[in-house]
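Engineer: This is the structure I want to talk about, given as structure tokens.
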Amino acid sequence: MVLYEVTVDVVPDRADDFERYMRQAHIPAILATGCFRRIRLARASANRFRTWYEAERQEDLDVYLREHTTAMRADFQAHFPQGATAFREVWTELQSWP
């Protein structure tokens, strides 16, 4: 499994808007691409969020990055032109335990 992880720091007065956008629009749109088998959203503090996008294989993530990120990032930028800073990392699962 490959995890595409995105952490976003949002200015406090936009945090509720950000969470609503992620739940109602952004995550459902990404899930609809078929590139990920599961997506999780978490909140670390009032204005720090993390999303994990789980791909079955590296090839699935590559398709997402090649064919979908431009549109997804443009939509995100249209909703949050300022006040949201994203950090992205790709993780490869080595092992998991029950």
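Quick note: the coordinates plus some simple rules give every number you see, no bench work behind them. Predicted model, so just to flag it, every value in this text is computed and none were measured. Here Cβ is always computed from backbone atoms with ideal geometry, including for glycine, and neighbour counts include all displayed protein chains.
Engineer: Once phi is turned into ³J(HN,Hα) by the Karplus curve 6.51 cos²θ - 1.76 cosθ + 1.60 with θ = phi - 60°, what whole-Hz value does each residue of segment 84-98 show in order, with x for glycine and proline?
Structural biologist: 9, 10, 9, 10, 10, 9, 10, 10, 10, 5, 9, 6, 9, 10, x
Engineer: Next question, about the same structure. Placing +1 on the Cβ of each Lys and Arg and -1 on the Cβ of each Asp and Glu in the chain, which of HIS26, ALA71, LEU61 has its Cα farthest towards the positive end of the resulting dipole?
Structural biologist: Selected residue: HIS26.
Engineer: Would you work out the charge dipole size for the chain about its Cα centre, treating the Cβ of every Lys and Arg as +1 and the Cβ of every Asp and Glu as -1, and quote it to the nearest 20 debye?
Structural biologist: 200
Engineer: Now a separate question. For MET1, what charge total do you get from the other residues with a beta carbon under 14 Å from its beta carbon, if Lys and Arg give +1 and Asp and Glu give -1?
Structural biologist: Net local charge, MET1 excluded: -2.
Engineer: For PHE87, project a label point 7 Å along Cα to C-beta. Then give me every residue of segment 46-74 with its amide nitrogen under 19 Å of that point.
Structural biologist: Under 19 Å, as judged by backbone N against the label point of PHE87, lie 46-53 of segment 46-74.
Engineer: Now for a different question. What's the longest piece of the chain with no exposed GluC sites (Glu not before Pro), counting a site as exposed if DSSP puts it in a loop and it has at most 13 other beta carbons within 10 Å?
Structural biologist: The answer is 1-55.
Engineer: Taking Cα Rg over 2.2 N^0.38 Å straight from the coordinates, which label in (i) 1.22; (ii) 1.07; (iii) 1.33 is the correct one?
Structural biologist: Label (ii) holds the value from this structure.
Engineer: With the contact rule set at Cα under 8 Å and sequence spacing of 6 or more, what percent relative contact order holds for segment 1-70?
Structural biologist: 44
Engineer: In degrees between 0 and 90, to the nearest 10, how far off the longest principal axis of the chain does helix 58-67 point, with axes built from Cα atoms?
Structural biologist: 40
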